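Structure record follows, encoded as structure tokens.
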Amino acid sequence: MTTPPSGATDTHCPYCSLQCGMRLRPTSGEPAPVEVEERPDFPVNRGALCGKGRSAPAILAAHARLTAPLVRDAHTGQLREASWPEALDRAADGLAAAARRYGSDAVGVFGGGGLTNEKAYLLGKFARVALRTAAIDYNGRFCMSSAAAAQRAAFGLDRGLPFPLEDIPRAGCVVLVGSNLADTMPPAVRYLRELQEAGGKLIVVDPRRTRTAALADLHLQPAPGTDLALALGLLHLVVAEGLVDEEFVAARTTGYEAARAAAMAHWPERVEHLTGVPVALMRRAVGLFCGTPDRTGMVLTARGGEQHSKGVDTVGAWINLCLATGRAGRPAAGYGCLTGQGNGQGGREHGQKADQLPGYRSITDPAARAHVAAVWGVDPDELPGPGRSAYELLDTLGTPDGASALLLMGSNPVVSAPHAQHVTERLRALDCLVVCDVVLSETAELADVVLPSAQWAEEDGTMTNLEGRVILRRAALAPPPGVRTDLEILHGLAERLGVPEGFPAEPQEVFEELRAASAGGQADYSGITYERIAAEDGVFWPCPASGPGEPEHPGTRRLFLDRFATPDGRARFADVSHRPAAEEPDADYPLRLTTGRVLAQYQSGAQTRRTPALAEAAPGPFVELHPRLAARLGVTDGDGLTVVSRRGRVTAPARLTAAIRADTVFMPFHWPGEGRANTLTNPALDPVSRMPEFKVCAVRVEKAS
Amino acid sequence: MTTARIAVVGAGMAAARLAQQLRLHTEALDITLYGQEPHAPYNRALLAGVLTGRYAPDTLTLPAGGATVRTGTEVVALDPAARTLRTATGETAAYDTLVLATGAAPVLPPVPGLFAPGGRELRPGAHVLRTLADCAGIVRDAQAAGRATVIGGGVLGIAAAQALATLGCAVRLVHREPHLLERHLDAQAATIVRRTLEAAGVDVRTGADTTGVPDDGPLLLACGVRPRTRLARAAGLAVRTGIVVDDTLAASAPGVYAIGDCAEHRGTVHGRAEPAWEQADILAARLSGARPRYHGSPDRLRLTAGALEIAAFGASASPGPDTDTLRLSDATRGIHKSLILRDARLVGAALIGDLAAVGEIAEAVGHGQPLLPDPVHLLTGHPPPAFSAEGAPA
């Protein structure tokens, strides 16, 4: 790394999981207190930034954000400004009252994949130690939980990518499944370009011809909800064409025969029928994937393949393809997940997930409980057990079976959760909702107490990007008066709940404790320090602490080269079979809806919709449909469309494009209100990961009256 | 409560799918498959690929959900009233639910000299292609003779002829009807198929009867199949062409169901793997407490045989009155596409050689909605001109 010029701060973008390096320089204050400059020496993005990153400082301006706590006035029923002591008292009283009345599990905590490792860690500890509740989960459940479960099953370990992005250009062939990274993480496109410049091939699997699919050497366009069948069909062709790496399968895997039998049940013509992908294209895909020298090649999945009620099995089937062809556990080869949120990786490792403790430990494992309890200075028996998954937690809010008070940090489920109108009603049914956010999000609007948090440019902390690289976020300026950091908020709440110790507000102090709590776990951070991160442009976990006199552990850039992280060191094939979506089209709802993202918006849009340049580029929702479908419906471009599912109806303008299948409509989900895509989505859950089925449900489309 | 005992007579594709699906619904079932063949369930739809060596026989094994598979065990009698079955070895087994998945047997045409003297066995050199065991004999005889004759220009006959040609044999394909695949294709489309086969070295004879067993090489009979219903008939179950089932896949006795090639639903016997699996899926769900019903499966053809790729949907062979047919035919490149429209609705389609639009065309035949704007774009693969600028994002 190089030292930033005086007055400037080297840090990272607040948005996606690439965590691009950026340099912030203070301004005179207008239009925002800092401006973004390139940070060319940071390896992940080498200076490149997208429009979201470049415009991120807009939300730092005082007029764009909350600068004082809000409480709901008992008389008017409206939110009004309050002092911090009043707001924290009100929040702590609300949480404590619910615990007193209904027991400690009646207090829920909902976190986010954008929180730093320190916050995610402390939020999990806050739930288990200060609130003593099992009811904690986070929006990362909606993000990469299916890939995480499948990776753990196959490899014994879940790190989004087992290799750094810099390996992509050498992969020879990359299959992107349900990723539109040209829109969602544009600086990553450079790796695909370098792959193709080196003669490598890009295959994109997506029901839409997205900006990413347009870059591909081969685009496979399966019906939403059929990626699992497609992966099985490709494995079938690998078997049929004699392309199985028998030596690798024998030496480094188990469970091949069951996987092969499942592939035999998915012969190409049947898969064509299920997916709509012609056999000839499947054959070409197998030819490209298996045509690389040295058995390099990668399959990278993202939400398109994962956000299904069969997301875990779908990822498992893609992993099977890697294992059968020997494209795993060797250089420039393997399966990876393109994690979405900024700290989607670290956020799932340190204890804000319902079933986990720090270091990617299982909350049901007695040894893990004992280790973490010792770090926390509590009796292991006092630690709660596993709680409900995110959607189940939200679904039961305000019911006798669920939480009646909720602390929500860094998430906006009114826009981003499936079956969003129902979730909104559940949030309204709470006795007490406390929201920590930087802006008055649609969820914060429902709160009893809103606590304004500091932003990325105003705080220190660590994030772990999609590569498993732990990076350092640095404060470039102080938060404005009236704003506190999330750690300060947790400290203040813990104090009021009678736990004054153990919730430090200083990030590095929290990180030191996280190191100890993670030591010996799968995601072992104990050898990582802020100083090393700064000096080494990030450190890849696992990175255990070294003993006295021993050299420092270098961190682990590449996993599985010698063995997989299973007890016997072998990767496990998944025994999976295609099954229909939870909701298939029928006479009443004859079309499929799939949801996703646009270039200029991020997640629920709470920040990006408030950024003028982005709001101008992508001002509102739309319904993408094929001209042939539009003609059938008598619709032209720009007409108002009503999209109806079993859960609700939304209205948005039509956008005609031949880039989508004629049996499918697409809506981006960044907006609230009458165009909110998640009003329609189906909360059917994956049986293992508890991932909701965001990517496919049955709808009908009508011309709006 | 005791675990329900489900006996499945047959261990073919429908039986395997049923067992695999039942296991997804519930672990607590005692499922036994009784199969005559010595193999665990395997994918019969891929047998032509076994002829060419594309598939080693043991790779065809299908998942069967961990069910007990009694290979080499023929069921010889059923007693639906007592809910028992009897095997060829005299063993009697009780069940709670019986599923007949007995499949189908090849139809043997009246070719003189087909049978060994005095017997019901095919004479040496005459073959059918229904089981893994059949494959080895055909390949052995064909390779020994360097030639083979296939009777039947349907899906199986074409696939087998193409496979044997791939092995380097001189193959003659003899078909009684005036053109190949007459159930699914019109004469013009069938001509494209014929030329593609001829280019692969197959000598195609249509409108030709087979007068005897050739003496210069083996004979492979691919003249269709008929449901195996003997057991059901003997047990007093209602049987027409197949074992009669209703929309719940129930046969005419309590606790007895039939699926796959042996079943007749609303007068139709499908004889293809995909309807068999749709039936298996529905029956598995019903036996697990759900209540889906089977409403039939659309007729379709999908064949890959070497370079030959064919898909046909709906009324592709006999358009009927009040229809328009759009055709795009390129004999030089072996490509043919046709759409059959009635009142602007797609009621049938055939694709040969270029299946790029197969997904969308299958969907359009299925949804039955008017096709607009200009349906010719389904054939050319281009979006309508008014929208082509929208095709690729900038």
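Values in this text are rule-based calculations from the coordinates and carry no lab data. Remember, predicted model here, so these are calculated numbers, not experimental data. Cβ sites come from the backbone with ideal geometry, for glycine too, and all protein chains shown count toward neighbours.
Projecting each Cα onto the charge dipole of chain A (Lys/Arg +1, Asp/Glu -1 at the beta carbon, about the Cα centre), which of A:277, A:463, A:452 comes out farthest on the positive side? Going by the Cα projections, it comes out as A:277. Each residue of region B:34-46 is assigned a 3J(HN,Hα), and the resulting list reads 9, x, 6, 6, x, 9, 5, x, 9, 8, 5, 5, 10 Hz, derived from the Karplus form 6.51 cos²θ - 1.76 cosθ + 1.60 (θ = phi - 60°), x at Gly and Pro. Can you give the calculated 222 nm mean residue ellipticity of chain B, where each DSSP H run of n ≥ 4 adds -39,500 (n - 2.57) and the sum is split over every residue, rounded to the nearest 500 deg cm²/dmol? After summing the helix terms and dividing by the residues of chain B, the value is -7000 deg cm²/dmol.
Across region A:221-340, the mean sequence separation of Cα contacts (distance under 8 Å, 6 or more residues apart), normalised by length, yields a relative contact order of 36 percent.
With the largest listed first and rounded to whole Å, the semi-axes of the equivalent ellipsoid of chain B from the Cα gyration tensor are 37, 30, 18.
In what sequence, highest mean first, do A:680-692, A:580-592 appear when ranked by Cβ atoms within 10 angstrom?
Details: A:680-692: 23.1, A:580-592: 16.7.
Ranking the peptides A:680-692, A:580-592 by packing returns A:680-692, A:580-592.
Taken residue by residue and averaged, Cβ atoms of other chains lying within 10 Å of the Cβ of B:61-69 number 3. Here's the picture: a label point sits 7 Å out from the Cα of residue A:421 along the beta-carbon direction, and within region A:625-660 the residues with their amide nitrogen under 15 Å of it are A:642-652.
With an a/c value of 1.5 or above and a/b larger than b/c for the gyration tensor axes a ≥ b ≥ c computed over the alpha-carbon atoms, the protein assembly as shown is described as prolate.
What shape does region A:145-337 take by its C-alpha gyration tensor, where a ≥ b ≥ c are the square roots of the eigenvalues and a/c under 1.5 counts as rounded, a/b above b/c as prolate, and the rest as oblate?
Numbers: a/c = 1.28, a/b = 1.12, b/c = 1.14.
Rounded is the answer for region A:145-337, as its axis ratio a/c remains below 1.5.
Selection among A:329, A:229, A:300 by position relative to the dipole of region A:145-337 gives A:300 as farthest towards the positive end (Cβ unit charges, Cα centre). What number, rounded to the nearest 500 deg cm²/dmol, is the helix-based mean residue ellipticity at 222 nm of chain A, given -39500 (n - 2.57) per DSSP H run of at least four residues and division by all its residues? Taking each H run of at least 4 residues, the total per residue is -8000 deg cm²/dmol.
Could you calculate the FRET efficiency of residue B:176 with residue B:116 from 1/(1 + (r/R0)^6), where r is the beta carbon distance between them and R0 is 22 Å, rounded to 0.05?
Details: r = 24 Å, r/R0 = 1.10.
So, using R0 = 22 Å, E works out to roughly 0.35.
Annotation: amide H-H contacts under 5 Å for residue B:309 (H modelled 1.01 Å from N, sequence separation of 5 or more, or interchain): B:353.
Consider a paramagnetic label point 7 Å from the Cα of residue A:61 along Cα→Cβ; state which residues of region A:395-436 have an amide N under 11 Å from it. So the set is empty, nothing qualifies. Segment residue B:167..residue B:297, full-extension length gain: 43.3 nm, with 0.36 nm per residue of separation and the alpha-carbon distance subtracted.
Other chains near A:265-272: what is the mean number of their Cβ atoms within 10 Å of each residue's Cβ? Don't skip to the end; give the middle numbers.
Details: counts 12, 1, 8, 3, 11, 6, 0, 8.
Partner-chain Cβ atoms within 10 Å, mean over residues of A:265-272: 6.
When ranked by the protection proxy of mean other Cβ atoms within 10 Å per residue, highest first, what sequence do the peptides B:291-301, B:241-251 form?
Values: B:291-301: 14.4, B:241-251: 19.6.
Those peptides, ordered most packed to least, come out B:241-251, B:291-301.
About its Cα centre, the dipole of region B:15-137 is roughly 340 debye, where the only charges are +1 on Lys and Arg Cβ and -1 on Asp and Glu Cβ. Inter-chain Cβ neighbour count for A:22-31, averaged per residue, equals 0 (cutoff 10 Å, partner chain atoms only).
With +1 on each Lys and Arg Cβ and -1 on each Asp and Glu Cβ, and nothing else charged, work out how big the dipole of region A:9-64 is about its Cα centre, in Debye to the nearest 20. Can you show the working numbers first?
Details: 6 positive and 6 negative charges, 30 e Å.
Rounded to the nearest 20 debye, it is 140 debye.
Annotation: amide H of residue B:69 within the under-5 Å range of B:33, sequence separation 5 or more or interchain, hydrogens built in the peptide plane. On the basis of the beta-carbon distance and an R0 of 60 Å, residue B:94 and residue A:166 show a calculated FRET efficiency of 0.40.
Based on Cα contacts under 8 Å between residues 6+ apart, chain A shows a relative contact order of 19 percent.
Where nothing but the Cβ of Lys and Arg (+1) and of Asp and Glu (-1) is charged, how large is the charge dipole of the protein assembly as shown around its Cα centre, in debye to the nearest 20? All intermediate terms of the calculation are to be shown ahead of the outcome.
On the way: 108 positive and 119 negative charges, 490 e Å.
Here the size comes out at about 2360 debye.
Projecting the Cα positions of A:83, B:78, A:407 onto the charge dipole of the protein assembly as shown (unit charges on Cβ atoms of Lys, Arg, Asp and Glu, taken about the Cα centre) puts B:78 furthest along the positive direction. In straight-distance terms, cross-link reach from residue A:703 covers every one of the aspartates and glutamates whose alpha-carbon lies under 13 Å from its own, apart from those fewer than eight places away in the same chain; here that gives A:637, A:639. Note on residue A:379/residue A:546: beta-carbon distance plugged into 1/(1 + (r/R0)^6) with R0 of 30 Å gives a FRET efficiency of 0.45.
Using Cβ contacts closer than 10 Å as the measure, can you line up B:257, A:138 from fewest to most? Walk me through the numbers before you get to the answer.
Working: B:257 25, A:138 32.
Lowest count first: B:257, A:138.
Each residue, residue B:77 and residue B:133, gets one label point 7 Å from its Cα in the Cβ direction; the gap between the two is 2.4 nm.
Straight-distance candidates among the aspartates and glutamates for linking to residue A:201, with alpha-carbon spacing under 18 Å and chain neighbours fewer than 8 residues away dropped: A:166, A:167, A:217, A:294. Extending 7 Å from Cα along the Cβ direction at residue B:331 and again at residue A:537 yields two label points whose distance is 6.4 nm. Taking every alpha-carbon pair under 8 Å whose residues sit at least 6 apart, region B:126-221 reaches a relative contact order of 39 percent. Compute the label zone of residue B:238 within region B:251-265: residues whose backbone N is under 16 Å from the point 7 Å along Cα-to-Cβ. Once the point is set 7 Å along Cα→Cβ of residue B:238, B:251-259, B:263-265 turn out to lie under 16 Å by backbone N, inside region B:251-265. Remark: the residue A:501-residue A:429 segment gains 22.7 nm on full extension, using 0.36 nm per residue and subtracting the alpha carbon distance.
Remark: spin-label model distance residue B:26-residue A:101 equals 4.1 nm, labels positioned 7 Å along the Cα→Cβ axis.
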